[in-house]
Each structure stands twice: as C-alpha cells, then as structure tokens.
Amino acid sequence: MLITNANLITWGAANQILENHALYVEGDRIAALGPSSELQAKHSQAEVLDARGQFVMPGNICAHTHFYGAFARGMAIPGAAPKDFPEILDRLWWRLDKALRLEDIRSSALVCLIDAIKHGTTTLIDHHASPNAIDGSLDVVAEAVKQAGLRACLCYEVTDRDGEEKAQAGIKENIRFIKSAIRNPQSAIAGTFGLHASLTLSDKTLEACRNEWGGGFHIHAAEHESDQYDSLQKSGTRVIDRLHKFGILGERSIVAHAVHIDHREAALLAETGTQVTHQPRSNMNNAVGAADVEGLLRLGVKVGLGNDGFSNAMWDEWKATYLSHKAAHRDPRRMNGATVAEIAVTNNAALANVFFPQAPIGVLAPGAFADIIFVNYHPTTPLSADNLPWHILFGFENSMVTTTICAGKVLMKDRRLLVLDEAEITARSRELAANLWKRIADS
Ligand SMILES: [Zn+2]
C-alpha cells in the first residue's frame, strides 16, 4: 500500500515534518518513505491511499489503561459521594470488577477498542481485573484486540483482596497468557504480569509472583497515601522499597502513578530502570494529587503516559498533563510542551517496544511497524517540528483523526470503521452494562 500526498510527522529521534511525502507499506511494516512523486514512480502498481494533504503520523500509544472500566460510565454510586480514593476503590471499582462476566469483559474491551481506533490510539497496555471471571479472561480481551486489529499488551491484576484462591487464579491466568503470547511472538498481542497494588498484596503473594515470573510486572504504586500507610504498617518499608525487595521493579516493569513517593523511592525507580506511567485525568478525578513527573524525568526515570481507563483519546491526556502541573504548582513554566511530547511520544514508544521488540513503534521510518494515523488539521499559524507539541496541545482535536492503520491494516478510513460493527457493539454494551448495574445494585 502506498500512502501519497501526506505531510509526514515522523516523530523520529529528531522530529521532522516532511511535506508532500509518501509512505510505502509492506505487510505490517513501513518499507519506504520519500517524496510522493518518487515513491509513486517506484511503486506504480501499489494500491494507493491518498492522504489528500493531511498530516500523517504514528498512531498514539497508551501506556496504562483498563478496558474493563468501560461500564462505569454514568454509573451512580448510591449514598454520599466517596470522600477519597480508598472509598472510590471500595464503592465503585471493587464492586464493578466483581460483577464482570466474560461477556461483559469482551463488550467493554470492544467499546474501548472502537474508541481507540476512532481517536488514533494504536498500541495499548491494559491492566485487567474480573475476580469472578478470572480463568480465560485475558483470552477474551486478546480476541477483542485481534478483532479490532490493534496492538495491546495484557495482564491480569493479582490481588489478595478476594482471598488466596483468587490470588492464585490470578497468578495462573498471567502465566498461562504470557506463555501463549511468547509462543506466538509475531502477533500484535503481548503479555506481562499484572499486580494490583502493594496495599492489596501480602508478602506471601508477592513472593509467589516472583517465584512464578521474573520477567517484569505491571502494578499501581503510591497512587494515594493509603498505599504508603499500608506498606509501612505491613512491612516497615515504603511502597517502592517493598516492591524492590520482592523483585518487582526493573526495566520490563511498569509502575502506574507513583504520586506519593519520597526521594529515595524515586531514586530506586531510576536505579532499576523501572517504567513509570502518568495518568493526570485519573489523578485529578480521584483527587490524589500530582506526581512529581518533572522530578522523576530529571532523575532519568522514563515516565510514559497512560489514561487509566479514561477515553482512548491520548491528546486529551496530553492536555491534562500540560495544564494540571501548571495549576498544581501555580507556575506557568512547569510541564513544558516539549516535555509532554517526550513523555507521550518518546517514552511511550520505548515502553511499547519492550513488549513488541520486533520493530520500532511510534515512529515513521523504514522498518518500523506501520501503525499510522491521518489527521485533518489545518494550522492557522506556522507549524514546524519545533512548535508541533503546542499545535497538538492547542489545536489538535481527537475528532481530526480520519484514518487509522495498525500493523499495515486500515481499520478506519475517512472516519468510517472498516472493522467491528459499532452500532451493534454499542447497543450490546448498553444492554450488558444495564444488567451489570442491576447486579451491583442487588448485591
Ligand atoms: Zn490504573
């Protein structure tokens, strides 16, 4: 496939904007990149996808999400509003996840995947929980991802909050799924080992996880002070120290949030090369505070950007990152636009490549995965590689994504989905969500 008449945003090591260029896609990779006329002459027989002067750039990456949370949209929590994050977990998320059945898991994943295609997010790192439907749950999510044609890394969150048997079942589900993903390394599906958070994990379970799997974990850490209080009480050490003691940190591990950590914990994250993800919309919504993202970056921690189950419109997360740190510090110099791009583009791409090492992700270059979006943006001021982050922050809208390609396959063209039946999936989701809400109310 030859994508012609494109203004390419390459997001390479030195970002470039290349006007009137073309991309030649072969299989799931970008085979060549060059001036439109040159590549058209070279590949005259190729099927042509005319970008009609739109911006063509790598698909967005989401470093931490929860497909299973889709049915929470608009769900009422009876009684007084939860006063803090522990109450939100207890009264919303731990009721919702217990009510999930395999069919709900499939439906909520499909809803999120449609949202991702429509908003140009092509790689997602998911963290799944469904305590009453553990066995096989990751296969159900993986099947939905394959149907959607996107790229995703999946895990099941192991936790002790529902007893030892379910903790063991969670461990088994991770190991089973990771092994099956390793057996099929060419696919767009990868697996890692999920853990909920220090505050719901005993020493015994952490030990068991380390014994079962040494290849990296995906865990929430220090999202709220309660995680620290719990860790200090349980182990006499702070959360990140505790995770380090159990071998949870490392270059293949993702720590989501890290809002309430001290300097030593930040240094431990840097020393171990652990990946940290930032989710500002979620942090604001749960009122847990603002992570010291700039401080972590200065220490050399590779902070990436996730959405924690918010919409898969990653530019909204860019904007929240840019604005929330300025507001939190009452200082407009905080969280420079270029820093947001470093987090959302460079660091997310490096993180995605940990799980999909076969080819570069998040860059338009020969040999890279053909994960590509078209953006119908008409700048009203000069746009260059240097000021692009501010055009994205102040000008780009997620609805401007008109075409989404993942692994060389066109999933949406001119805003028309070519995979998945949106009307049917949406109607089914409404029906299943209503049933799930009723089960929660009756429980
Ligand atoms: Zn999360």
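The values are calculated or read from the model by the stated rules, or taken from the named source; none is laboratory data. Values in this document were obtained by computation on a predicted structure and should not be read as measured data. Cβ sites come from the backbone with ideal geometry, for glycine too, and all protein chains shown count toward neighbours.
Values for this structure:
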quantity: Qualifying positions in the range 280-298 - within 13 Å of the ligand (Cβ to nearest atom) and over 19 Å from Ala338 (Cβ atoms); calculated: Arg281, Ser282, Asn283, Asn285, Asn286, Val288
quantity: Set Thr277, Thr272: member being within 16 Å of the ligand (Cβ to nearest atom) and not charged (D, E, K, R); calculated: Thr277
quantity: Hey, His257 without any contact (Cβ under 8 Å) to a residue 40 or more places away in the chain and touching a strand residue (DSSP E or B) at 6+ places or on another chain (Cβ under 9 Å) or not; calculated: yes
quantity: So Ile17, is it hydrophobic (A, V, I, L, M, F, W, C), surrounded by fewer than 17 Cβ atoms within 10 Å (Cβ to Cβ) and modelled with pLDDT of 95 or more; calculated: yes
quantity: Members of the range 186-234 found to be of a type in the set (Ser, Thr, Tyr), surrounded by fewer than 22 Cβ atoms within 10 Å (Cβ to Cβ), in contact with a helix residue (DSSP H, G or I) (Cβ under 7 Å, 6 or more places away or on another chain) and under 19 Å from Ala256 (Cα atoms), listed by number; calculated: Ser226
quantity: Residue check for Ala267: surrounded by fewer than 19 Cβ atoms within 10 Å (Cβ to Cβ), more than 16 Å from the ligand (Cβ to nearest atom) and under 15 Å from Val293 (Cα atoms); calculated: yes
quantity: Conditions (1) surrounded by 19 or more Cβ atoms within 10 Å (Cβ to Cβ); (2) within 18 Å of the chain's Cα centre (by Cα): number failed by Ile134; calculated: (2)
quantity: Tabulated pairs, the range 77-96, first within 19 Å of Ala433 (Cβ to Cβ), second among the charged types (D, E, K, R) and surrounded by 13 or more Cβ atoms within 10 Å (Cβ to Cβ), C-beta under 8 angstrom, 6+ apart or interchain; calculated: Ile77/Arg91; Trp94/Arg161
quantity: Qualifying residue in the range 137-150 (condition: of a type in the set (Ser, Thr, Tyr), crowded, with 17+ Cβ neighbours inside 10 Å and in contact (Cβ under 8 Å) with a residue 40 or more places away in the chain); calculated: no
quantity: Strands (runs of 3 or more DSSP E) wholly inside the range 137-255 that include at least 1 residues being basic (Lys, Arg) and within 16 Å of the ligand (Cβ to nearest atom); calculated: none
quantity: Flag for Ala433 being part of a helix (DSSP H, G or I) and crowded, with 16+ Cβ neighbours inside 10 Å; calculated: yes
quantity: Test: residue in the range 265-275 that is touching a Gly at 6+ places or on another chain (Cβ under 6 Å) and of a type outside the set (S, T, N, Q); calculated: yes
quantity: Residue selected from the range 278-290 under the condition under 18 Å from Leu89 (Cβ atoms) and under 19 Å from the mean Cα position of the chain (by Cα), by the criterion surrounded by the fewest Cβ atoms within 10 Å (Cβ to Cβ); calculated: Asn285
quantity: All positions within the range 299-319 that are surrounded by fewer than 24 Cβ atoms within 10 Å (Cβ to Cβ), more than 14 Å from the ligand (Cβ to nearest atom) and over 21 Å from Val239 (Cβ atoms); calculated: Ser311, Ala313, Trp315, Asp316, Trp318, Lys319
quantity: 3 or more residues farther than 28 Å from Lys302 by Cβ and not aromatic (Phe, Trp, Tyr): qualifying strands (runs of 3 or more DSSP E) within the range 1-74; calculated: 2-9, 17-26, 29-35, 48-50
quantity: Matching residues in the range 199-238 - criterion: being without any contact (Cβ under 8 Å) to a residue 12 or more places away in the chain and closer than 12 Å to Asp160 by Cβ; calculated: Lys204
quantity: Residue check for Ser107: in contact with a Leu (Cβ under 6 Å, 6 or more places away or on another chain) and either more than 16 Å from the ligand (Cβ to nearest atom) or free of Cβ contacts under 8 Å to residues at least 24 places away in the same chain (or both); calculated: yes
quantity: Out of Ile182, Ile125, sole residue that is surrounded by fewer than 17 Cβ atoms within 10 Å (Cβ to Cβ) and among the β-branched types (Val, Ile, Thr); calculated: Ile182
quantity: Search result, residues across the range 256-277 that are of a type outside the set (S, T, N, Q), at negative phi and outside any loop (DSSP other than H, G, I, E, B); calculated: Ala256, His263, Arg264, Glu265, Ala266, Ala267, Leu268, Leu269, Ala270, Glu271, Val276
quantity: In the range 349-385, residue surrounded by the most Cβ atoms within 10 Å (Cβ to Cβ) [restricted to those that are of a type in the set (Val, Ile, Thr) and within 18 Å of Cys62 (Cβ to Cβ)]; calculated: Ile372
quantity: Members of the range 55-95 found to be within 13 Å of the ligand (Cβ to nearest atom), small (Gly, Ala, Ser) and modelled with pLDDT under 95, listed by number; calculated: none
quantity: Counted residues, the range 37-64 - those being over 20 Å from Ala22 (Cα atoms) and either in contact with a Cys (Cβ under 7 Å, 6 or more places away or on another chain) or loosely packed, with under 13 Cβ neighbours inside 10 Å (or both); calculated: 0
